[in-house]
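Each remark here refers to the structure printed beneath this line.
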Amino acid sequence: MQWLEILDALESGQTRSAAPDSNGQWEANLEVKQAILTAFREGQLVEGPGFVDKHNLLPQNFARSRGVRLVPGGSAVRRGAYVAPGVIIMPPSYINIGAYVDEGTMVDSHVLVGSCAQVGKRVHLSAAVQLGGVLEPVGQNPVIIEDDAFLGAGVVVVEGIKVGRRAVLAPGVCLTRSVPVFDAVNERQLDPGEDIPEGAVVVPGTRPISNKNAWAKEMGLMLSAPIIIKYRDERSDTSLVLEEALR
């Protein structure tokens, strides 16, 4: 397909910039990634009311028939992103090219869904959540948030981290490939870049700076260390029922 057809297929949900294979392992779609990069190269700058952008990547327009509630106040969904029926987008938020936001998801105020990020069904992205985007290298997987995950206010997920189904990230959690995650339930440190397990409840934590730095140790300095403090049970599920009141 040509890049224009691929952008159309992305917007309709017929194709995705990344998807799970038959074994459930996510893989980037190289053809889609390259089509997006081609669209950027071939786009010409045009002026609009208060903006300048590529003529072929302008924000989408929404009709009632799409079943998406886009609340007024400065949000935008860029060309080539898919937003499923039942999604709510609160202002101001931004969903970038190649992103996929599935049915029933809440996108709260000041949320960024970066390029090619994949968000599952019934996910709650609380205020100021940031999901990093990736276009290059084309083979790199994007951020993936699987079904029924709950991300608290100010959560940051970048560098292709995958958050498993039904996981809960407490406000302020920051997940990158360079910051280790500790599983206090199973008493282990997750491997670099390892997925956040299904149903994990992750809270912000700290760890001491290496003993090799005597001054830092003397000052009591600490580094960030997200901690899996528990796995979801019926009580933690009940606390998330609030979301339904917003729909």
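Determine, yes or no, whether Ser115 is touching a helix residue (DSSP H, G or I) at 6+ places or on another chain (Cβ under 9 Å), on the phi < 0 side of the Ramachandran plot and crowded, with 19+ Cβ neighbours inside 10 Å. Considered against the rule, which asks whether it is touching a helix residue (DSSP H, G or I) at 6+ places or on another chain (Cβ under 9 Å), on the phi < 0 side of the Ramachandran plot and crowded, with 19+ Cβ neighbours inside 10 Å, Ser115 comes out as yes. Inside the stretch 207-221, residues that are closer than 17 Å to Pro180 by Cβ and among the acidic types (Asp, Glu) make up a count of 0. Taken over the stretch 179-203, the criterion of being part of a strand (DSSP E or B), touching a residue at least 12 places away in the same chain (Cβ under 8 Å) and among the charged types (D, E, K, R) is satisfied by Asp183 alone. Looking only at residues of the stretch 89-103 that are of a type in the set (A, V, I, L, M) and in a strand (DSSP E or B), we find that the one that is nearest to Pro72 (Cα to Cα) is Ile89.
Selection of the stretch 68-88 for residues being at negative phi, surrounded by 16 or more Cβ atoms within 10 Å (Cβ to Cβ) and part of a loop (DSSP other than H, G, I, E, B) yields Val68, Ser75, Arg79, Ala81, Ala84, Val87.
Out of everything in the stretch 1-42 that is under 17 Å from Val119 (Cβ atoms) and among the aliphatic types (A, V, I, L, M), what residue ends up being farthest from the chain's Cα centre (by Cα)? Restricting to residues being under 17 Å from Val119 (Cβ atoms) and among the aliphatic types (A, V, I, L, M), the top hit is Val32.
Out of everything in the stretch 174-189 that is closer than 10 Å to Ile227 by Cβ and of a type in the set (Val, Ile, Thr), what residue ends up being nearest to the chain's Cα centre (by Cα)? Within the stretch 174-189, the match that is nearest to the chain's Cα centre (by Cα) is Val181. Cβ-Cβ contacts under 9 Å between residues 6 or more apart (or on different chains), taken from a first residue in the stretch 32-53 that is within 23 Å of Ser12 (Cβ to Cβ) to a second residue that is exposed (fewer than 12 other Cβ atoms within 10 Å of the Cβ) and aliphatic (A, V, I, L, M), are listed as Asp53/Leu45. I'd like the full set of residues that are among the hydrophobic types (A, V, I, L, M, F, W, C), free of Cβ contacts under 8 Å to residues at least 60 places away in the same chain and closer than 19 Å to Trp26 by Cβ, limited to the stretch 109-150. Val113, Ala117, Val119, Val123, Leu125, Leu131, Val134, Val143, Ile145, Ala149 - these are the residues of the stretch 109-150 that are among the hydrophobic types (A, V, I, L, M, F, W, C), free of Cβ contacts under 8 Å to residues at least 60 places away in the same chain and closer than 19 Å to Trp26 by Cβ.
I'm checking my understanding of the structure. Among residues of the stretch 123-174 that are β-branched (Val, Ile, Thr) and not in a loop (DSSP other than H, G, I, E, B), which one is surrounded by the fewest Cβ atoms within 10 Å (Cβ to Cβ)? Among those that are β-branched (Val, Ile, Thr) and not in a loop (DSSP other than H, G, I, E, B), it is Val156. Of the numbered criteria (1) surrounded by 15 or more Cβ atoms within 10 Å (Cβ to Cβ); (2) modelled with pLDDT of 90 or more, the one Arg177 fails is (1). Flag set for Ser65, criterion: farther than 27 Å from Asp195 by Cβ and without any contact (Cβ under 8 Å) to a residue 40 or more places away in the chain. Checking each residue in the stretch 71-108 for being charged (D, E, K, R) and without any contact (Cβ under 8 Å) to a residue 60 or more places away in the chain picks out Arg78, Asp102, Glu103, Asp108.
Residues that are charged (D, E, K, R) and either in a loop (DSSP other than H, G, I, E, B) or modelled with pLDDT of 90 or more (or both) within the stretch 223-237 comprise Lys230, Arg232, Asp233, listed in sequence order. Here the strands (runs of 3 or more DSSP E) wholly within the stretch 1-67 that include at least 1 residues being exposed (fewer than 10 other Cβ atoms within 10 Å of the Cβ) are 45-48, 51-54. Only a single criterion out of (1) modelled with pLDDT under 95; (2) within 12 Å of the chain's Cα centre (by Cα); (3) among the charged types (D, E, K, R) is not satisfied by Lys162, namely (1).
The values are calculated or read from the model by the stated rules, or taken from the named source; none is laboratory data. Since the structure is predicted, the reported quantities are computational estimates derived from the model, not experimental observations. A quick note on method: Cβ atoms are made from the backbone with ideal geometry, for glycine too, and the neighbour counts reach across all protein chains shown.
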